[in-house]
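Report on the structure given below.
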Amino acid sequence: MVRPRQKQAGTTGAAKACLGKAEVVKIQRLLKSKTVEGMTLAIALLDSLGGTRADVEAVFGDRIISALVRDPKVSEATVRRWGTLLAAIEPNPKLLERFMYHATKTVTERRGWLDLNGLEELSVYAAKALAARKCFWEEGLHLNGLRVLEPDVAKALAGFSGSLELEGLAKLSAGAAAALASHRGGSINLDGLRQLANEAGVALAKHRGVSLSLNGLSELSPALAKAFAGYKGNDLWLDGLHEISDGIAAAFVAQHKGWLHLKGLSTLSAKAAGALASGKRFLALDGVTTLSGGAAQELAKHRGILQLGFTELTPEVAKALVRHKRLELSSLRRLSDDAAEALSHYQGDYLYLPDVASLSPRAAKTLKANGCIGLPDRFDRC
């Protein structure tokens, strides 16, 4: 965002207007270009002419502010224009009120996601205007170009009812994290974070929106694991964890009732499996492709929905998993006759096998005899 180098217009000098009509018209003509360059030149000219508060109000009349703010597309160029405008009028409550009125109106009329990934900074008032838009959680703001999020801007965005994409942030202060935690709308995506301090993480774990995505984290401290175990939102995404120690898993004893996504894990120890299986939350372990019999037995005690990433299944693991109540093996492609025989004794609510491509006639017949097992339609004739 380009900002004028001169002092902000209207901050000094007498309240009485000192600009002539021709000067006001000239400045307004530059503003009507709606380009950052033209607006910056107009503001610089206003400063150089010694414009007073009264002159600023005369230049930035309601029609001018409406023309600069209103835009049915609400694009990156729109918000950059807002930033340049705000640099000139922010000291003036009357003009700020006009800005907020028109900005709120224009964002309210916009539907769907707003792609604002090209923005590298965002003012508090622009954030407030964007957050004033009421929408469903499936809609939101793409703000992945932001590299820094100040607490006051985070607080403004937290009032948004939709989802926030903030993948460009590599760091998050405790103040900004605490502000974002008050968000009660859709999801917050912070996948760009590679590290998260304990203080910031504990604050962020209090988020109660639809979901919180932290897929960029490759490790968790015990303090963070304990904090996120109590996450009160619906979905918690930690797919960047490629391994989890028994100690961290033990700290993750479940209070959270929503989905816990740990798709980066390829295997689990029996102790870690037992800790993660506690509670009734949904476990997405789509990356898990190998398990010992003991770990499978621990996961079978889990009382929520369980997703595993096996492409093949040994009879030992299959025999252990039949005790799980709601099991999804969406990546399973092949089943031996022995593994199919073990799964045929499933007695839970459902066992979902949507992508199995290779079954012998015997295995298909055995599995089809169990009405709780879901197979692809291609096996209906078996």
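So which aspartates and glutamates can LYS226 reach, going by Cα to Cα under 19 Å and dropping same-chain residues fewer than 8 places off?
GLU199, ASP235, ASP239, GLU243, ASP246
In square nanometres, what is one fourth of the surface area of the convex hull spanned by the alpha carbons of the chain?
21.2 nm²
How big is the Cα convex hull of the stretch 1-110 in projection, averaged over all directions, in nm²?
Result: 6.0 nm².
For the chain, what does -39500 (n - 2.57) per DSSP helix run (n ≥ 4), summed and divided by total residues, give at 222 nm, in deg cm²/dmol to the nearest 500?
Helix-only estimate at 222 nm: -11000 deg cm²/dmol.
If we count other beta carbons within 10 Å of each Cβ, what is the order of ASP286, ASP337, fewest first?
By the 10 Å Cβ count, ascending, the order reads ASP337, ASP286.
Counting DSSP beta bridges with both partners in the chain, what percentage is antiparallel, nearest 5?
0 percent
Set the Förster radius R0 to 45 Å, insert the Cβ-Cβ distance between VAL124 and LYS280 as r into 1/(1 + (r/R0)^6), and round the FRET efficiency to 0.05.
So the FRET efficiency works out to roughly 0.65.
Just SER218, SER278, SER336 to compare: in a GNM of the chain, with alpha carbon springs under 10 Å, which one fluctuates most?
SER336
Which trypsin sites (Lys or Arg not before Pro) does the stretch 63-95 hold that lie in a coil by DSSP with at most 13 other beta carbons within 10 Å?
LYS73
Using the structure shown, select from LYS21/LYS73; LYS206/LYS280; LYS257/LYS368; LYS94/LYS232 the pairs with a Cα to Cα distance greater than 30 angstrom.
As for pairs spanning more than 30 Å Cα to Cα, those are LYS21/LYS73; LYS257/LYS368; LYS94/LYS232.
Could you give me the radius of gyration and the Dmax of the stretch 284-324, taking only the C-alpha atoms into account and expressing both in angstrom?
9.2, 23
Order of ASP115, ASP71, ASP380 from fewest to most other C-beta atoms within 10 Å?
ASP380, ASP115, ASP71
With springs connecting C-alpha atoms under 10 Å apart, model the chain as a Gaussian network and identify which of ALA273, ALA54, ALA203 has the largest mean-square fluctuation.
Ranking ALA273, ALA54, ALA203 by mean-square fluctuation puts ALA54 first.
Along its three principal axes, how long is the stretch 33-171 when you only count alpha carbons? Whole Å, largest extent first please.
Cα spread of the stretch 33-171 along its principal axes, largest to smallest: 47, 31, 25 Å.
Compare VAL356, VAL210, VAL202 in a GNM of the chain, Cα atoms joined below 10 Å, and give the one with the largest fluctuation.
Result for the chain, Cα springs under 10 Å: VAL356 fluctuates most.
Since every read-out is calculated from the coordinates, none of them should be taken as a lab result. Computed from a predicted structure; not experimentally measured. For neighbour counting, all protein chains shown are included, and Cβ atoms are generated from backbone atoms with ideal geometry for every residue, glycine included.
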